[in-house]
């Protein structure tokens with residue numbers, strides 16, 4: 001992984017992370033995810049993040065030592081090709097992109113998911129038009145499976161790359 005001077009941690013999603021969610025919802029941040037959500041959709045998403053059960057984990061990404069929230073990362077149970085797997089997703093604020101922060105955060109989330117010993121694989125489905133997120137998958141040694149059609153947001157389909165990471169033996 002790239003050397004970087006940026007030290008981060010991930011922490012479980014909290015009520016005070018709502019402002020971060022609104023900041024992530026900027027048009028330039030949501031261009032590969034169907035565009036910004038309405039205020040009502042953001043409030044519902046925040047509530048879902050706070051109420052996640054044992055099938056998912058959502059984290060804020062915190063820059064140290066300043067303790068500034070700079071993004072989010074998480075994973076959740078899903079079924080892909082009739083197999084229960086984790087799916088992961090992340091978002092780093094535009095002003096902090098290109099510094100290796102997302103790569104480190106995804107690595108930390110993978111470590112969390114791996115420690116649960118629930119599923120063999122974690123998948124990422126970045127848009128084929130999102131070179132930065134696809135590069136993160138390559139840097140972290142995800143295995144490229146194929147291009148696929150993926151529904152996100154619900155009711156909207158996009159072309160994605162299916163990347164898979166083996167959690168066993170991590």
TODO: Scan the stretch 63-90 for residues that are out of contact with any helix residue (DSSP H, G or I) (no Cβ under 7 Å at 6 or more places or on another chain) and within 21 Å of residue 151 (Cβ to Cβ) and jot them down.
DONE: 76, 77, 78, 79, 80, 81, 82, 83, 84, 85, 87, 89
- [ ] Search the stretch 64-95 for residues being buried (at least 18 other Cβ atoms within 10 Å of the Cβ) and more than 12 Å from the chain's Cα centre (by Cα), and hand back the single one that is nearest to residue 122 (Cα to Cα).
- [x] 85
- [ ] Could you list, in sequence order, all residues of the stretch 68-93 that are at pLDDT 90 or above and not in a strand (DSSP E or B)?
- [x] 93
Task: Failed item in (1) within 16 Å of the chain's Cα centre (by Cα); (2) modelled with pLDDT of 80 or more; (3) more than 25 Å from residue 65 (Cβ to Cβ); (4) surrounded by 17 or more Cβ atoms within 10 Å (Cβ to Cβ), with residue 33 passing the rest - done: (2)
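The values are calculated or read from the model by the stated rules, or taken from the named source; none is laboratory data. Predicted model only: the values in this text are computed from it and were never measured. Positions of Cβ are generated from backbone atoms using ideal geometry, with glycine treated the same way; all protein chains shown enter the neighbour counts.
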